[in-house]
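Reviewing the structure listed below.
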Amino acid sequence: MKIGIRGGNVVSSDGVMKTDIIIDGEKIAKIGENLCANEEEIDEIIDAKDTYVMPGLIDAHTHFDLFVAGTDTCDDFYSGTRAAVAGGTTSIIDFANHYRGENLHEVKANWDKRAEKGCSCDYSYHMSIADWNEEISKECQDMMDEGITTFKCYMTYPDNMLDDETLFKVLKRLKEIGGITGVHCENAGMIDALREEYSKDERLGKISSHYLTRPAAAEAEAINRLLHLAEVADTPVIDVHLSCEEGLEEIRAARSRGQKVYVETCPHYLCLDNSVLDTDDFEGAKYICSPPLRTKHDNDVLWDAIRDGEIQTISTDHCSFTWEQRLMGKGDFKKIPGGLAGVELRGPLMYSEGVDKGRISIEKMCEVCSTNPAKLYGMYPQKGIIAEGSDADIIIINPNKKQVLSAETQVSRCDYSNYEGKEITGVIEKVFLRGQLVAEEGRVVKENQGKFIKRGKYSL
Ligand code: URP
Ligand code: ZN
Ligand code: ZN
């Protein structure tokens, strides 16, 4: 099948060029002016005049089919990847969760089984490490050989966290084999002590207790510790889901020492703030995630940091729970399962709140949502760029249309929206995954076309 995309504004991280694209099968075959007029045997021509044509977005932080806090996330690979393509994301990297006692091959097999339920976008996993021994250390190389070249460590959560000694050993081992890890940075001891204190009185039933027991200082301290561990291990590292200015200051300090630090943030740390948690009713439970939502000032600081190149990637940390699941924590803030549904909304929000509002350029959106994730996670130039020979993962954004976000129209199984009723500018009209049209205007038109991506080493 040969498809022509005519006259769109083709976006890369370096610029925008009005031109034509020819897709042949799964790949981008040609890019150039007037190609659609001259090319023979085109099966279909799409008029992309006055639209942005961008490489398919990559979400490098999802949790599909994760058993956590006594329940399973409501989105699995089937519904989660359908939601992904509906919102312009053509590749996701999920966190394969290491339950202690398992070896890494078992973790991978476990996640392969989940993905077999059907994937509507291309996918890979980061291998999480919750335990450390000789066998796991050796298996890190096996994972690299299988194309799982990035890892995940937690500095909080009792079932996942690594102590400093273990984290340091992991960092050294990954340096040896050319891997890299993302790290969830929050100081577990401080948070546990605060949670105990807040559980002794009426604060136990308050939603605000979630963010008050996870202060920005807890995140900043853990980032500081991680970066000093990485300094001595002499390895780059990724701080995932940065939420606050205090954490960013620690990253700036490490960079001024000469360290290489990659930083991810998420749309909810840009578009939402903790005022939604200051409610007397239980509504705020819809916004529980860790690190918690911060202040409007932090939103602004993070937008500026994206614009200035201090933040390299935007992912969603999609970890969705229905309203009924959130109710498990009524009366005890510690029992509310944490995480937000975001995989479907990252493209629309980054365009509307970022590009349309003038906070970032369209090139920057392309860089942080597609090109940089492809480079950092070893998929470039197969993904993350519109170039001859690359996968034909392409989205077409109409900047002149508007839409209203609502649970009623979303594809995710989550039964509410953190952005209910919000009018946004820009509609992702078409989504191509390796040359196939898989979504149109937020609806999936062809499902289960996703394939596992065998990734290389990081190159950002
Ligand atoms: O609250 C969140 N973010 N849940 C997902 C797990 C994590 O911490 O990334
Ligand atoms: Zn996390
Ligand atoms: Zn996460």
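The values are calculated or read from the model by the stated rules, or taken from the named source; none is laboratory data. Source: prediction; values computed, not measured. Using ideal geometry, Cβ is built from the backbone for each residue, glycine included, and neighbour counts are taken over all protein chains shown.
Restricting attention to segment 13-43, the residues being over 25 Å from Ser361 (Cα atoms), in contact (Cβ under 8 Å) with a residue 40 or more places away in the chain and of a type in the set (A, V, I, L, M, F, W, C) number 3.
Out of Tyr262, Tyr269, one residue alone is part of a strand (DSSP E or B) and at pLDDT 95 or above. It is Tyr262. Does Val301 meet the test of being under 26 Å from Val237 (Cβ atoms) and modelled with pLDDT of 95 or more? When the stated conditions are applied, Val301 passes them. Among the residues of segment 294-331, just one is more than 15 Å from ligand 1 (Cβ to nearest atom), outside any helix (DSSP H, G or I) and of a type in the set (Lys, Arg), namely Lys330. The condition of being at pLDDT below 95 and either part of a helix (DSSP H, G or I) or more than 24 Å from the chain's Cα centre (by Cα) (or both) holds for only one of Glu40, Glu139, Glu102, Glu106, that being Glu40. Just checking, does segment 272-279 include any residue being more than 23 Å from Pro348 (Cβ to Cβ), at pLDDT below 95 and either touching an Asp or Glu at 6+ places or on another chain (Cβ under 8 Å) or in a loop (DSSP other than H, G, I, E, B) (or both)? Yes: one or more hits.
Residues are listed down the side, and each one gets a yes or a no for (1) of a type in the set (A, V, I, L, M); (2) out of contact with any helix residue (DSSP H, G or I) (no Cβ under 6 Å at 6 or more places or on another chain); (3) within 16 Å of ligand 3 (Cβ to nearest atom):
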{"site": "Asp300", "(1), (2), (3)": "no, yes, no"}
{"site": "Gln312", "(1), (2), (3)": "no, no, no"}
{"site": "Thr316", "(1), (2), (3)": "no, no, yes"}
{"site": "Phe321", "(1), (2), (3)": "no, yes, yes"}
{"site": "Gly329", "(1), (2), (3)": "no, no, no"}
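Please determine whether any residue of segment 132-154 is within 30 Å of Glu221 (Cβ to Cβ), within 16 Å of ligand 3 (Cβ to nearest atom), buried (at least 23 other Cβ atoms within 10 Å of the Cβ) and of a type in the set (A, V, I, L, M). No, because not a single residue in segment 132-154 is within 30 Å of Glu221 (Cβ to Cβ), within 16 Å of ligand 3 (Cβ to nearest atom), buried (at least 23 other Cβ atoms within 10 Å of the Cβ) and of a type in the set (A, V, I, L, M).
Of the residues making up segment 168-189, those that are within 16 Å of ligand 1 (Cβ to nearest atom), of a type outside the set (Asp, Glu) and touching a helix residue (DSSP H, G or I) at 6+ places or on another chain (Cβ under 7 Å) are Thr181, Val183, Cys185, Asn187. If you go through segment 48-72 and keep only what is within 13 Å of ligand 3 (Cβ to nearest atom) and within 16 Å of the chain's Cα centre (by Cα), you end up with Asp59, Ala60, His61, Thr62, His63, Phe64, Leu66.
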